[in-house]
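One structure is given here, and the rest of the page talks about it.
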Amino acid sequence: MEVKSITLLGHKDHGKSTLIGSLLMQTGAATKVRIKEAEEYSKRMGKAFEPAFILDSFAEERTGEMTIDTTRAEIKYKNLAFALIDVPGHEELIKNMISGASYGEVALLLVSAKKDEGIRDQTKRHLFLSRMFGIEDLVIAVNKMDTRNFDEGSFLAVKKELSGFIGRIGFDTKRVTFVPISAYSGENLVKKSRKMKWYKGEPLIEALYESARRKKKQGNGALRLLVQGTIDDGAGIIGGKIVKGHLSAGEKIAILPQDQHAMVKEIVVKGKKVKKARVGENVAITLDKRMRFEMRGSVISNTDEKPRLTNKIRAKIFVVNKPGKSLCLKFNGIDLQCSGIKILNSINSVTGEKGPAKAESLNAIEAEIELEQKLPVEEFETTKELGRFVLYSGNEFTGIGTIL
């Protein structure tokens, strides 16, 4: 069964963990033992049954009523399995949110319709980040409709306010779906709600299903094989993953950043020799000559369609901590020292607008980075794996970037 990753986004207390708990119950993915444990814990806490307790596994989460780390849960629907990635909504936990969101194929944003909650700055930051990570399909669940007596006007008000921002940060509105729900009472999650007959769309799980099945960009085009290491057994076997294009036995290839050329003698996929390997496959290849340099972090391409080899990149960076004097760029499994950074623009992740060249806390910037050595790169929109990186200042996480 094919697995699709769904990243849950949203401000704290808007119901992400509650939603996952309710979906686990309604789809039969939660065991009776787990449900009973959540019921007993709810009683000890002096609460009515809380579906979120099915998901949260840390005592700190239950007593503090907030998710403190990225958590995964899996549900099955029709011919797909959804890996639901619950990420923190607190500003202080933005690093964990980035870690979870970067693996999602579809983003599910929860926005509370409850009075005095609604759309927050963190709601928009999560949207900004999900688009920055290349997520194209977005489902927006307007939650806590039970607190507004399932009123259509409350749903439409949230939809109207978010629609302009979504278009401004680069989402195609045709790939965005709004669904009214109540995660706590389980309304409009798996079955259509009788309490919201005015809503003519499908329930949430069907909206997720349609978004997950929507045709995504294929990894066609020039070969891009990320080298993960070598097996030094005398044969000079190289291991890696094809993230774009395909590779054939007998083909001439280029190895970057070393800019060395060779021919592929043999390809092995899942223990079997093959004549051709395709995008998404992990391969072990043998070349017609031994390579006398460190291969980890290298990129293998066609000889006539190589990625750009440079020590200067222009990028959009989501800044968590202000960059220090000593910067390290982690890219494709290797660490590269930065010799300089020039901030070109500041981007307000709450409004999507560009401003003066300065880095502000929990905002984004456009910058030029100079590295101490060259590396093979491509624009993030062209090849994600060769267009994203993480920045550190000393041992402190600074931000995450995508190459422009």
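The values are calculated or read from the model by the stated rules, or taken from the named source; none is laboratory data. Everything numeric in this text was worked out from a predicted model, so none of it was measured. Cβ atoms come from the backbone with ideal geometry, glycine included; neighbour counts cover every protein chain shown.
Among the residues of segment 281-294 satisfying the criterion of being of a type outside the set (Asp, Glu) and either part of a strand (DSSP E or B) or in contact with a strand residue (DSSP E or B) (Cβ under 7 Å, 6 or more places away or on another chain) (or both), which is farthest from residue 239 (Cα to Cα)?
Once the filter is applied, the top-ranked residue is 289.
Which condition breaks for residue 351 when tested against (1) under 25 Å from residue 225 (Cβ atoms); (2) in a loop (DSSP other than H, G, I, E, B); (3) touching a residue at least 40 places away in the same chain (Cβ under 8 Å)?
Unmet condition: (1).
Any idea which of (1) under 18 Å from the mean Cα position of the chain (by Cα); (2) modelled with pLDDT under 90 is the one residue 342 doesn't satisfy?
Checking residue 342 against (1) under 18 Å from the mean Cα position of the chain (by Cα); (2) modelled with pLDDT under 90, the one that fails is (1).
Can you name every residue in segment 308-347 that is hydrophobic (A, V, I, L, M, F, W, C) and within 28 Å of residue 258 (Cβ to Cβ)?
Correct list: 309, 313, 315, 317, 327, 328, 329, 331, 334, 336, 338, 341.
Mind listing whichever residues of segment 4-36 are in contact with a helix residue (DSSP H, G or I) (Cβ under 6 Å, 6 or more places away or on another chain), surrounded by 17 or more Cβ atoms within 10 Å (Cβ to Cβ) and assigned to a helix (DSSP H, G or I)?
Listed by number, the residues that qualify are 17, 18, 20, 21, 24.
Within segment 295-342, how many residues turn out to be among the charged types (D, E, K, R), under 24 Å from residue 394 (Cα atoms) and part of a loop (DSSP other than H, G, I, E, B)?
Just the residues of segment 295-342 that are among the charged types (D, E, K, R), to begin with: 296, 304-306, 308, 312, 314, 316, 322, 325, 330, 335, 342.
Retained after the next criterion (residues that are under 24 Å from residue 394 (Cα atoms)): 296, 312, 314, 316, 322, 325, 330, 335, 342.
In the following step, the residues that additionally are part of a loop (DSSP other than H, G, I, E, B) were identified as 296, 322, 325.
Residues flagged as among the charged types (D, E, K, R), under 24 Å from residue 394 (Cα atoms) and part of a loop (DSSP other than H, G, I, E, B) within segment 295-342 amount to 3.
Can you tell me which residue is modelled with the lowest pLDDT among those in segment 81-99 that are within 24 Å of residue 34 (Cα to Cα) and crowded, with 18+ Cβ neighbours inside 10 Å?
From segment 81-99, those within 24 Å of residue 34 (Cα to Cα) are 81-88; that's our starting set.
Next, from what is left, pick out any that are crowded, with 18+ Cβ neighbours inside 10 Å: 82, 84-88.
Numbers: 82: 86, 84: 80, 85: 73, 86: 67, 87: 57, 88: 51.
This residue is 88.
For residues that are in a loop (DSSP other than H, G, I, E, B) and surrounded by 11 or more Cβ atoms within 10 Å (Cβ to Cβ), tally how many sit in segment 37-46.
So the count comes out to 1.
Which of the residues spanning segment 275-293 are charged (D, E, K, R) and modelled with pLDDT of 85 or more?
275, 276, 278, 281, 288, 289 - these are the residues of segment 275-293 that are charged (D, E, K, R) and modelled with pLDDT of 85 or more.
Among the candidates 336, 327, which residue alone is of a type outside the set (Asp, Glu), modelled with pLDDT of 80 or more and over 30 Å from residue 246 (Cα atoms)?
327
Looking for whichever is under 21 Å from residue 211 (Cβ atoms) and of a type outside the set (Ser, Thr, Tyr) here; the options are 4, 36. Which one fits?
When all the criteria are applied, what remains is 4.
Anything in segment 168-189 that is assigned to a loop (DSSP other than H, G, I, E, B) and at pLDDT 95 or above? List them, or say none.
Selection gives 181, 188, 189.
Could you check segment 138-166 and list, in sequence order, the residues that are more than 17 Å from residue 116 (Cα to Cα), in contact with a strand residue (DSSP E or B) (Cβ under 9 Å, 6 or more places away or on another chain) and among the small types (Gly, Ala, Ser)?
Within segment 138-166, 141, 163 qualify.
With the checklist (1) farther than 23 Å from residue 129 by Cα; (2) touching a His at 6+ places or on another chain (Cβ under 9 Å); (3) of a type in the set (Lys, Arg) in hand, flag the one item residue 12 doesn't pass.
(1)
So, in segment 266-280, exactly how many residues are surrounded by 16 or more Cβ atoms within 10 Å (Cβ to Cβ), over 11 Å from residue 237 (Cβ atoms) and in contact with a Ser or Thr (Cβ under 9 Å, 6 or more places away or on another chain)? Explain how you work it out, then say what you get.
As a first pass, look at segment 266-280 and keep what is surrounded by 16 or more Cβ atoms within 10 Å (Cβ to Cβ): 266-269, 274, 277, 279.
Filter once more, keeping what is over 11 Å from residue 237 (Cβ atoms): 269, 274, 277, 279.
The next check asks that each one be in contact with a Ser or Thr (Cβ under 9 Å, 6 or more places away or on another chain); those that pass are 277.
Qualifying residue count, segment 266-280: 1.
Among the residues of segment 212-221, is there at least one that is crowded, with 16+ Cβ neighbours inside 10 Å, within 30 Å of residue 328 (Cβ to Cβ) and in contact (Cβ under 8 Å) with a residue 40 or more places away in the chain?
Yes, there is a match, as at least one residue in segment 212-221 is crowded, with 16+ Cβ neighbours inside 10 Å, within 30 Å of residue 328 (Cβ to Cβ) and in contact (Cβ under 8 Å) with a residue 40 or more places away in the chain.
Quick one: how many residues across segment 105-160 are polar (S, T, N, Q), under 30 Å from residue 400 (Cα atoms) and assigned to a helix (DSSP H, G or I)?
3
Picking from 207, 249, which residue would you name as being over 30 Å from residue 78 (Cβ atoms), surrounded by 14 or more Cβ atoms within 10 Å (Cβ to Cβ), of a type in the set (A, V, I, L, M) and outside the structural domain of residue 379 (by TED's automatic domain parsing)?
Being over 30 Å from residue 78 (Cβ atoms), surrounded by 14 or more Cβ atoms within 10 Å (Cβ to Cβ), of a type in the set (A, V, I, L, M) and outside the structural domain of residue 379 (by TED's automatic domain parsing) holds for just one of 207, 249, which is 249.
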